[in-house]
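See structure below.
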Amino acid sequence: MTNAEQNNLLEIFDYTGEGYNRTMNYGEWRVAFLNYAPRFDADNFSKMERHLLTDEVFVLLEGTATLVIGEEREFIEMDKHKLYNVKKGVWHQILVSRDVKILIVENHNTDLSNSEYLEF
């Protein structure tokens, strides 16, 4: 542990498990990690979501990922280290490789009560 951590000046977070993890919250926002899970595999693409109260930011750190955007299902290959801001109310899904690591930022209260899901 660093001196900064011991003196409560710094927190360090990581997540190495499967899928999405609400890694930290502060005030109105949440920072999360997304790693591979079968539900994000292109072979299992059968559902999209949209958040009614927040934009959602994705940053590809490792691996490869594709954002599927809008009712027209536009496939957008993500570049590493760029911010992809999916606007509030836009249907989306992310499809990922097995070695993926994505950083996600959104409102801390984003959940089933203020999101919608479209299955096909």
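Computed from the coordinates by the stated procedures, all read-outs in this text should not be read as laboratory data. If you're wondering where the values come from, they're calculated on a predicted model, not measured in any experiment. Cβ placement follows ideal geometry from the backbone for every residue including glycine, while neighbour counts extend to all protein chains displayed.
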#### Entry: Residue count, segment 19-49 (criterion: part of a loop (DSSP other than H, G, I, E, B), of a type outside the set (A, V, I, L, M, F, W, C) and within 20 Å of L67 (Cβ to Cβ))
4
### Message
Please go through segment 40-49 and give me each residue that is of a type in the set (A, V, I, L, M) and surrounded by 13 or more Cβ atoms within 10 Å (Cβ to Cβ), ordered by number.
### Response
M48
### Query
Can you tell me which residues in segment 15-61 are among the basic types (K, R) and farther than 23 Å from R98 by Cβ?
R30, R50
#### Entry: segment 98-107, subset more than 11 Å from the chain's Cα centre (by Cα) and buried (at least 17 other Cβ atoms within 10 Å of the Cβ), residue farthest from L34 (Cα to Cα)
N107
### Message
Just to verify a result, which residue in segment 43-79, among those that are closer than 20 Å to N114 by Cβ and charged (D, E, K, R), is nearest to the chain's Cα centre (by Cα)?
### Response
E56
### Query
Applying the selection to segment 50-97, what residues are touching a residue at least 12 places away in the same chain (Cβ under 8 Å), loosely packed, with under 12 Cβ neighbours inside 10 Å, assigned to a loop (DSSP other than H, G, I, E, B) and charged (D, E, K, R)?
E71, D79, K82
### Task
Inspect all residues belonging to segment 80-92 and state whether any of them is of a type in the set (F, W, Y), closer than 23 Å to S113 by Cα and more than 13 Å from the chain's Cα centre (by Cα).
yes
